[in-house]
Structure formats: structure tokens, C-alpha cells
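Everything on this sheet refers to the single structure shown next.
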Amino acid sequence: MTTMTNHFQFPSDFVWGASTSAYQIEGAPLEDGAGPSIWQRFSQTPGMIHNGESGDIACDHYHRYRDDVQLMKKLGLKAYRFSISWSRVLPQGTGKVNEAGLAFYSNLVDELLANGIEPMVTLFHWDLPAALDDRGGWLNPEIADWFAQYATIMFTKLDGRVKSWATLNEPWVVSDGGYLHGKLAPGHRSGYEAAIAAHHMLRAHGAAVTAYRAVGQHKIGIVVNLEPKYPATDKPADVDAARRAHAYMNCQYLDPVFFGRYPTRMKDVFGLAWPEWPQQDFDLIQQPVDFIGINYYTRSVTQHDDAAWPVKASAVRQTQATYTETNWEVYSQAFTDVLLWVKERYGNPVVYITENGAAFYDPPKAEKGAVHDPLRTDYLHKHISAVRVAMEAGANIQGYCVWSLLDNLEWSLGFAKRFGIIHVNFTTLERTFKDSANYYAGVIASNGEILREVDYQADPNLSQTMILDADQ
Ligand code: BGC
């Protein structure tokens, strides 16, 4: 173990940002001509979201975006990452544009730029237009064209003012939560569907990148969530389980984008449900991207588990560790490990950390204008430091965005799981900086220099224990 050295400095153009997504913060899902999304429908279905909550109001960002931009300015953010609600712009998913929906995002972009904040736009963060779900959603091969048409509308309207685009946010979560296990919208439970949805998301990504090259001038990439796997023991069954989990979660999307093929172990995971796809699909998927966005929250210590369908792998709880409110182990070394793994495996691509953060218990009401969140502050300190260690070791990381700017609707878990560095009182909608927001403002103002002030231990070498190659 070594301590961070003192000669490293974040580059002066390092992008310090914060992230949100449309359905989680906007509210007003049907206002001004917007069409419903699958999340709007899912939330109206009893039992799908904790406490019967929904994004009907959420943070009311749709009406308060100007005030929220002032909060971003106060934080000193260089960039703000948000997503577009596809069905606000195209109520039917294809066809006629809803000008009022388009205007909302155009105005948001102008407001950000007027305040010196770079917009980073994600085209799809899970809220598929319900009208497209009625036509099969991600199971219909035509969706690659639908997505490219929608993307082209956004590029044409905003490229230039927007210089950073991401096609999909965390496609793994959509196929795993939405089509395999049914915990997220659209709530299906089928291995066959999960494999098909995953593939069409990748085709849609490729089609949007191709469309961007025709009309856009700046950067486009894809955002994936990575969760490195460490076998619980060196028994072959556990190592094998960790390799399957690694193929499924970490390589399923990046291998096709970078190598034009899926990891071979995907067949072990899905069995008969894993289809063969034509080469032309991979040619579409393997478009050069300008960056990849990485969302990191936790690692997984993995054991063989016959009951865990279909991967036959489950996580082993670590007795000495701190866990967040979403039951995720706090383990920042794995963040360095996974960033170095990406550097090695994919040829050191440009990386933006597009999400990183933690849900911890915060009081529902801020007292006297303050919210003390020492665990989240410590989490951010350790994880931003872990990014720094990976950069010292040569990883090409150009920005970091905290998840999340605001407490928001944590999907099926409702409002109880608070990830924000800014507290939201969901009765009054009042916003209050938490201690972690003040800490992060200090990180930004010092361009990362205050990270040195607390000793941080990390191994700047790629861990020997993390699973590196799923296909071995
Ligand atoms: C998603 C966010 C989500 C966060 C915390 C990511 O999977 O992109 O929408 O709120 O993690 O669970």
C-alpha cells in the first residue's frame, strides 16, 4: 500500500460535475404536451414503487430549473449531467415533435451556459416512451431507428451548445432490472427478453453514434455501470462464478462496443436464451466512441450460488465493512481497480466518471439550514481520491460527476434513499446544502487539492484479486 503522492495535480480543465436524470427529478411528466413514459406507467401500478411514490412531482425541477442552476453555480460546478425525457420531446416516441418539450431542454441548456456550466446530455436514462413500449420497446428491432431519429432531433437542436452526448445510461440495469428480474420498468421477467433487449440497446447506441457523425461536431459516448468482482474464495466454483458475473455485468456492453463481440461466457449465463446475432449488428455497434462514462458505486465479493438465476453467483456480505442504505459495500480501492482494468482492457479510452455517490440516512427535514452527512462526505473523499490514484497510474480520466445533485426518486425504492449532496424536503421542496455539498464545493474550488489534506491509502497497481478476464 502506498499513499497518494504529492506531485499529482488534476489538470486545469478537469471537469467537476454533478448528475441527475429526467424522471428522477423533473416532475410534471405529462405537462405541456409530454407523453407518458414507462416509468410514469410503472409508478401508477400498485406495488411497483416503495410507498406508492412516483415522479409526478419529484423535485419539481421542471418548474424550478432556474433556481437549481443557481445552486449548481454556488457549488462551482463546471458541468451538469442530465438526461432528456424522450417522451417529452416525442410524445409518441416517433413522429411529431412536442415543441414545448424541446424548448424546456433548450432553455435549460441556455441557462447553464449563461452561468458558465457545461451541459452533458444523456439521451436515454430509462424512461422509454410508453407508446414505444406498446410497440415492443427494446424487444422490437426497429427501436434502433426510432432512437437514432430521436437522437438526431436532439443533435440538430442542441449540438454546439451541447458538446458532450451520451447515448444510453447503464443499459445493463435496463435489461437486468427491466427485462430479467422485473424490479424496474417495464417489469418483465425473462432471460430471453433480457438478451434481446440488451442487443437492441447496443444497436440503438450504434445507430445514434452513426447519426451523430453526420450532424454533430463534438463528443459522443456511452455510460455503463461497472461493479468489479472479487471471488469470495479461490475455489474453482467461486472463481468461475465471479467470471460469469464479471462477463455479465462489466463486459456485456463494453466488449461489443470496443471489440465487436460479446464475452463467450454470456452463453454460460443465459444458456438457451442466448441468441446468435448477425455480424452486421456488431459492425453497427462497434462505432468508435469519443469517451466512455463510468458509473461506480460498489464492488462485489462473489460466490457460486445455484439459486441466483441466471448467473449462479451472489454477493457475500463483508463483516467488517460499512454498507450504504442501498446495501452496497463502501470499498474505494475497487474504484481504482476497475478504472485501471478499463485502461488495460480497452486501450486507455477517455473516461468520464459520470456517477459516483452513496445513499445514507439523512433526516427528512433540514434543521437550521444544515444537513450533516459525515458518511457521504467520507465516501466522496475516498472515492474521488481513488479516481486520483487511477489517474496517477495513467488512466485517462477527464472528469468526475457526483450522483446526485439533489435527493430524488430512487426508482422503485422511492424517496427514502437519499443520494443527493443537496437535501430536498419532499413536502416543501426546499433545497439545503448538505455538508457533503460544501465539501465537494471545496474540492472543486481547489481543483482537487484538498484531497491531500486527509491521508488516503490506495494501491496504485491493478489488484491481483479482481477478476480481469471473463473469458479465461
Ligand atoms: C442510476 C441512477 C440511480 C443511481 C443510484 C444508477 O444506477 O444511473 O439513476 O439513481 O445509480 O442507484
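The values are calculated or read from the model by the stated rules, or taken from the named source; none is laboratory data. On a predicted model such as this, the values are computed, not experimentally measured, just so you know. Cβ: placed from backbone, ideal geometry, glycine included. Neighbour counts: every protein chain shown. Surface areas here come from the heavy atoms of the whole protein model, side chains and all, with no ligands, DNA or RNA. Shrake-Rupley method; radii C 1.70, N 1.55, O 1.52, S 1.80 Å.
Condition first: in a helix (DSSP H, G or I) and not charged (D, E, K, R). Now tell me which residues in the stretch 107-123 satisfy that.
Once the filter is applied, which keeps residues that are in a helix (DSSP H, G or I) and not charged (D, E, K, R), the stretch 107-123 yields N107, L108, V109, L112, L113, A114.
From (1) assigned to a helix (DSSP H, G or I); (2) closer than 16 Å to V224 by Cβ, pick out the condition that doesn't hold for M154.
M154 satisfies every listed condition except (2).
Restrict the check to the stretch 249-267 and report whether at least one residue is touching an Asp or Glu at 6+ places or on another chain (Cβ under 7 Å), away from the ligand (no atom under 16 Å from the Cβ), open to solvent by 10 Å² or more (accessible area, probe 1.4 Å) and aliphatic (A, V, I, L, M).
No: zero hits.
I need a count of the residues in the stretch 165-176 that are open to solvent by 10 Å² or more (accessible area, probe 1.4 Å) and small (G, A, S).
Residues in the stretch 165-176 being open to solvent by 10 Å² or more (accessible area, probe 1.4 Å) and small (G, A, S): 0 in total.
So how many residues does the stretch 114-132 have that are touching a strand residue (DSSP E or B) at 6+ places or on another chain (Cβ under 7 Å) and within 21 Å of K219 (Cα to Cα)?
9
Could you please tell me which pairs satisfy a Cβ distance under 8 Å, a separation of 6+ or placement on different chains, a first residue in the stretch 64-77 that is under 16 Å from E430 (Cβ atoms), and a second residue that is in a loop (DSSP other than H, G, I, E, B) and of a type outside the set (A, V, I, L, M, F, W, C)?
Q70/N115
Just for strands (runs of 3 or more DSSP E) wholly inside the stretch 287-359: which have at least 3 residues that are of a type in the set (A, V, I, L, M, F, W, C) and buried (at least 21 other Cβ atoms within 10 Å of the Cβ)?
Correct list: 291-295.
For the stretch 403-439, how many residues meet the condition of being within 16 Å of the ligand (Cβ to nearest atom) and open to solvent by 40 Å² or more (accessible area, probe 1.4 Å)?
Total satisfying the criteria: 4.
Under 8 Å between Cβ atoms, at least 6 apart or on separate chains: pull out the pairs that start in the stretch 207-235 with a residue that is part of a strand (DSSP E or B) and end on any residue that is among the aromatic types (F, W, Y) and open to solvent by 20 Å² or more (accessible area, probe 1.4 Å).
From the stretch 207-235, the pairs are V224/W172; N225/W172; N225/Y297.
S43 passes all but one of (1) free of Cβ contacts under 8 Å to residues at least 24 places away in the same chain; (2) open to solvent by 60 Å² or more (accessible area, probe 1.4 Å); which number fails?
(2)
If you check L71 against the conditions, is it within 19 Å of the chain's Cα centre (by Cα) and within 30 Å of G442 (Cβ to Cβ)?
So L71 fails the test.
When only residues in the stretch 157-187 that are part of a helix (DSSP H, G or I) and closer than 18 Å to L113 by Cβ count, which is farthest from the ligand (Cβ to nearest atom)?
Here is the first cut: in the stretch 157-187, the ones part of a helix (DSSP H, G or I) are 157-158, 171-180.
Subset that is closer than 18 Å to L113 by Cβ: 157-158.
Values: K157: 24, L158: 21 Å.
Only one residue fits best here, namely K157.
Testing N447 on (1) closer than 30 Å to R244 by Cα; (2) in contact with a Phe, Trp or Tyr (Cβ under 6 Å, 6 or more places away or on another chain); (3) away from the ligand (no atom under 16 Å from the Cβ), one condition comes back false. Which one is that?
Every listed condition holds for N447 apart from (1).
Going residue by residue through the stretch 370-393, is there one that turns out to be in contact (Cβ under 8 Å) with a residue 60 or more places away in the chain, of a type in the set (D, E, K, R), in contact with a Cys (Cβ under 7 Å, 6 or more places away or on another chain) and within 16 Å of the ligand (Cβ to nearest atom)?
no
Consider A232 carefully, then state whether it is away from the ligand (no atom under 16 Å from the Cβ), open to solvent by 10 Å² or more (accessible area, probe 1.4 Å) and farther than 30 Å from L340 by Cβ.
No; evaluated as a whole, the condition is false for this residue.
Please identify the pairs in which a residue from the stretch 289-317 that is free of Cβ contacts under 8 Å to residues at least 60 places away in the same chain has its Cβ atom under 6 Å from the Cβ atom of a residue that is assigned to a strand (DSSP E or B), counting only partners at least 6 apart or on another chain.
These pairs meet every condition: A308/S314; A315/S300.
Look through the stretch 1-26, keep the residues that are away from the ligand (no atom under 16 Å from the Cβ) and modelled with pLDDT of 95 or more, and return whichever of them is surrounded by the fewest Cβ atoms within 10 Å (Cβ to Cβ).
Looking at residues that are away from the ligand (no atom under 16 Å from the Cβ) and modelled with pLDDT of 95 or more, I get S12.
The conditions are (1) surrounded by fewer than 19 Cβ atoms within 10 Å (Cβ to Cβ); (2) in contact with an Asp or Glu (Cβ under 7 Å, 6 or more places away or on another chain), and G101 fails exactly one of them. Which is it?
All conditions are met except number (1).
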